[in-house]
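Novice: Okay, here's the structure, questions in a sec.
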Amino acid sequence: MFDAITPQAIIDDVNALTDNDGYSLISTAQYIAWMNNEMSTAWQWGMRCNRDAFTSNKEGQITSPANYISITATAPTGLGVTDFLSVRGVDLKLGDQAYKKIRPWNFVTRDRLIMLSYRAIGENLWLMPPQYSSLYPFRLWYITKAPAAAVGSLSTALSLPTGVDEYVKQGMAAKVRIRLDEDPAPHFEAQAQARAGTEAWLQSAHGDQGTIADTSDDYWSEMW
C-alpha cells in the first residue's frame, strides 16, 4: 500500500520531532534536499525487497517510419512517462489477442534480428526489426523512480510505500539534530525501525518475489 503525504506535512512533522517552533536556521530548500535524498535512498532498498511494488506500465505504439519512441517525452512524440527509472519488459498486442511478451535484443546482434524484440537505450524504447516495429500496440512495464519534492509544490502530495514517510522524517530529524550539534542517535534508531517494518511489509505481502524455482514459467510457442 502506498500512502499520500505532502512535503509540507513531512516538514511540519520533522519540526515537531526536533522541537523546532519556527526558527530559520534551516531553509525550506534544505529540508526539500534532505527529503529527496531520503526518499531516493528508501527507493533503492525498497526495490531490492520487492520490484513489483515499484512497477507500473504504459501502453503505446510506434509511428512509422520510426522504430523507436521516447519513453519520457510528451505525446505524440513520446509516451509521457514522468516517473520512469528502468524497463522490466515489453508486451505486444497481436490483433485481437491478449498481450504477449517479447524478448530484449542483444546489442551486438542488432543488425541480424528476425524476431520482433525490444531494447531500452537511454530514455528511448527501440523495437527491432524496423519493418515490424510500428505494426502493433505495445505495453511497457517499467520500474518507477522515487518522487521528488519541490520548494514550489509543498502542498502537492507524494505517494510513498507504507512506512517510508516515517523513515524520511526520522532521517531528516537526525540531520536537524546534527545541524544543532545535538545527538541524532534516537532518530537514526527510529529510522532503522521504520526501514525494518517497511522491508518486512514489502517482502511478505506485496508482489511475486519467488525464486525461479518457485514460479511458473509455462511454455507457449513464440510468435516472433
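Novice: Determine the gain in length on full extension of the stretch K93-Q30; use 0.36 nm per residue of separation and subtract their C-alpha separation, reporting nm with one decimal.
Specialist: Full extension of this stretch gives 18.0 nm more.
Novice: Is segment 62-136 best put as rounded, prolate or oblate by its Cα gyration tensor, with a ≥ b ≥ c the root eigenvalues, rounded for a/c under 1.5, and otherwise prolate when a/b is larger than b/c, oblate when not?
Specialist: Judged from the Cα gyration tensor, segment 62-136 comes out rounded (a/c under 1.5).
Novice: Still on this structure: Could you give the length gained on full extension between S64 and S159, defined as 0.36 nm per residue of separation minus the Cα-Cα distance, in nm?
Specialist: 30.6 nm
Novice: Could you work out the local net charge near N106, counting Lys and Arg as +1, Asp and Glu as -1, over the other residues with Cβ closer than 13 Å to its Cβ?
Specialist: Result for the neighbourhood of N106: +3.
Novice: Among the lysines, select those whose C-alpha is under 22 Å from the C-alpha of K169, and discard any that sit fewer than 8 residues away in the same chain.
Specialist: Straight-line reach from K169, under 22 Å: K145.
Novice: Going 7 Å from the Cα of W141 along its beta-carbon direction, which residues of segment 46-70 have the amide nitrogen within less than 14 Å of the resulting point?
Specialist: Flagged as within label range: 51-59.
Novice: I would also like to ask the following. Suppose R0 equals 22 Å; then what is the FRET efficiency for F107 and S40 from their Cβ-Cβ distance, rounded to the nearest 0.05?
Specialist: 0.20
Novice: Using Cα atoms only, what is the angle between the long axis of helix 164-179 and the major principal axis of the chain, expressed in degrees (0 to 90) to the nearest 10?
Specialist: 50 degrees
Novice: Continuing with the same structure: Quick check on the chain: helices-only [θ] at 222 nm, where DSSP H runs of length 4 and up contribute -39,500 (n - 2.57) each and the sum goes over total residues. Nearest 500, please.
Specialist: Calculated from helices alone, the mean residue ellipticity at 222 nm is -10500 deg cm²/dmol.
Novice: What trypsin sites (Lys or Arg not before Pro) does segment 54-140 have in DSSP loop regions with at most 11 other beta carbons within 10 Å?
Specialist: In loop regions of segment 54-140 (DSSP not H, G, I, E or B), the sparsely surrounded trypsin sites (Lys or Arg not before Pro) are R112.
Novice: Here's something else I'd like to know. Once every Cα of segment 21-66 carries one equal point scatterer and solvent is ignored, give the base-10 log of I(q)/I(0) from the Debye formula at q = 0.15, 0.31 Å⁻¹, two decimals.
Specialist: So the normalised log intensities work out to -0.67, -1.07.
Novice: Distances over 30 Å make up what percent of all Cα-Cα pairs in the chain?
Specialist: Cα-Cα pairs of the chain separated by over 30 Å account for 40 percent.
Novice: Further question: Starting from the Cα of A148, step 7 Å along the direction of its Cβ; do the same at N57; then give the gap between the two resulting points in nm.
Specialist: Each label point lies 7 Å from its Cα, and together they span 2.8 nm.
Novice: What are the ³J(HN,Hα) values, in whole Hz, obtained from phi via the Karplus relation 6.51 cos²θ - 1.76 cosθ + 1.60 with θ = phi - 60°, for each residue of segment 183-195 in sequence order, with x given for Gly and Pro?
Specialist: In residue order, the calculated couplings are 6, x, 3, x, 6, 5, 5, 5, 5, 4, 5, 5, 5 Hz.
Novice: Enter the Cα centre distance for the pair segment 72-120 and segment 130-179, rounded to the nearest angstrom.
Specialist: 23 Å
Novice: Against the longest principal axis of the chain, how steep is helix 28-49, in degrees 0 to 90 to the nearest 10, with axes from Cα atoms?
Specialist: 50 degrees
Novice: A further question on this structure: So who's got an amide H within less than 5 Å of the one on L79, skipping anything under 5 residues away but keeping other chains? H placed 1.01 Å off N, in plane.
Specialist: For L79, the qualifying residues are S70, I71, T72, A73.
Read-outs: derived from the displayed coordinates by stated rules, not from any lab. Computed from a prediction, not measured in an experiment: that's the story for all the values here. In this analysis, Cβ positions are derived from the backbone assuming ideal geometry, glycine residues included, and neighbour counts consider all displayed protein chains.
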